[in-house]
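Please read the structure below before turning to the comments.
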Amino acid sequence: MSKSSFESKTILVSGGAGFIGSALVRLMIGECSHNVVNVDKLTYAGNLDSLATVQMSPRYRFEQVDICDHDKIVELFRRYQPDGVIHLAAESHVDRSIDGPGAFLQTNVTGTFTLLEAARAHWAQLPAERRDQFRFHHVSTDEVYGSLGSEGSFSETSPYRPNSPYSASKAASDHLVRAWYHTYGLPVLVTNCSNNYGPYHFPEKLIPLTILNALEGKPLPVYGDGHQVRDWLFVDDHARALELIFRSGEPGEVYNIGGNAEQRNIDVVGMICDLLSELSPNPARRYHDLITFVTDRPGHDRRYAIDTTKIMQALGWTPTETFNSGLRKTVNWYLNNESWWRRVRDGSYQGQRLGLATSPAQLKEEY
Ligand SMILES: NC(=O)c1ccc[n+]([C@@H]2O[C@H](COP(=O)([O-])OP(=O)(O)OC[C@H]3O[C@@H](n4cnc5c(N)ncnc54)[C@H](O)[C@@H]3O)[C@@H](O)[C@H]2O)c1
């Protein structure tokens, strides 16, 4: 790997084959001069097809490693001598956390602990100047703050009130990262973002599932009354924010990242149907007729919203996409990249309902 400019850094990115991680790696290789070591276990959510445009770059390396594997992680730090870590690897789907919380505690809590300890040992032996500039950037979610009523938004000082096994595991990892800063002085950054959407999104999440089910004439499931409100962040806007915060954020600080794009779930599904009617009209089918209300998710948070004042004022970041422009780009991407999503859909996940936790006997714990 070459260091092509003064600005270039070697960054260990965990979870770089996932949805957000791959957007970040494409940005850092395609538009920045960083060297990237992508450390990913390749769970069902990891997909190297999403990195096809960067895989030949001399500034890119892929290592298939579990972040819970202490010895292998220590060896990667020794071999690549990174200038920092951007940690995205996680089990990330709330419905899966309801069916099998064990994997979430293992990767999100134990895996974060393992990375923190390996990073701390590496950081402690760096020469002073590199030690000062080292960063451990932990990527987390606004779901750690719990649910909002119809008013207000989450800020960096909102109390933690996680409601799902997923958000509880992310909250635990946020606390570990904070403690490694206060106890050991490891220069950490924490970002909590809202719901991401965009190209290369695994089709178990609302937006890609709705697009693909609609194209295949399948029901478009809407949980409960569909009035749950989410803030939507276009994934490439998020990747830009992560790279900026990694370079310019203040160690020990938390930054919330949002798209300033609150939408009710039912409206998101309706907008996708409108876009598909325009971009891929089907004379035999009205997409809106496929909308099907299904039993709500247990413990479903009602509303999330993000106050982005801090990142806008401190770092000058703003999202470039509105929800309308980002959703149009997303629908167009899925229409033009059938080979990507066909390979995902042909695998083990066929778009079935997850996360009902109907009876303990049905729970398939992973350990
Ligand atoms: N997607 C969102 O809307 C959203 C919102 C807020 C926060 N986040 C956070 O952002 C991060 C990335 O989310 P995403 O949507 O890209 O997730 P994703 O599920 O698409 O990707 C996760 C990646 O981590 C890898 N991984 C999982 N377990 C691993 C392990 N033990 N060791 C190494 N790699 C492992 C997977 O193979 C996959 O490539 C996560 O930490 C998530 O909590 C996501």
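Some observations on this one:
- Centre separation in Å (Cα based) which lies between segment 217-260 and segment 165-188: 20
- Mean residue ellipticity (222 nm) of the chain, computed from DSSP H runs ≥ 4 via -39,500 (n - 2.57), nearest 500: -11500 deg cm²/dmol
- Model label sites at Thr157 and Thr295, defined 7 Å from Cα along the beta-carbon direction, differ in position by 4.3 nm.
- Förster radius 30 Å - calculated FRET efficiency between Ala284 and Tyr44 (Cβ-Cβ, nearest 0.05): 0.40
- Hydrodynamic radius by Kirkwood, which averages 1/r over all alpha carbon pairs of segment 19-128, in angstrom: 14.9
- Rg followed by Dmax, in Å, when segment 1-80 is reduced to its Cα trace: 12.1, 37
- Anchor Lys72: aspartates and glutamates whose Cα lies under 16 Å away (excluding residues fewer than 8 positions away in-chain): Asp40, Glu63, Glu117
- Solvent-accessible surface of segment 93-168, taken per residue with a 1.4 Å probe and all protein chains present: 40 Å².
- Working note: Debye formula, equal point scatterers on the alpha-carbon atoms of the chain, no solvent; log10 I(q)/I(0) at q = 0.15 Å⁻¹ is -1.42.
- For Lys329, a cut-off of 12 angstrom between C-alpha atoms picks up these aspartates and glutamates, skipping any fewer than 8 places away in its own chain: Asp236, Glu321.
- Estimated from the Cβ-Cβ distance and a Förster radius of 41 angstrom, the FRET efficiency linking Ser150 and Tyr184 is about 0.50.
- Computed over segment 243-307, the alpha-carbon pair-distance distribution with 10 angstrom bins reads 15, 29, 25, 20, 9, 1, each value a whole percent.
- Of the peptides 70-79, 124-133, 302-311, the order by per-residue mean of other Cβ atoms within 10 Å, starting with the highest, comes out as 302-311, 70-79, 124-133.
The values are calculated or read from the model by the stated rules, or taken from the named source; none is laboratory data. Nothing here was measured: the structure is a model prediction, and the numbers come from that model. Cβ sites come from the backbone with ideal geometry, for glycine too, and all protein chains shown count toward neighbours. What goes into the accessible areas is simple: the full protein's heavy atoms, side chains included, and nothing from ligands, DNA or RNA. Shrake-Rupley method; radii C 1.70, N 1.55, O 1.52, S 1.80 Å.
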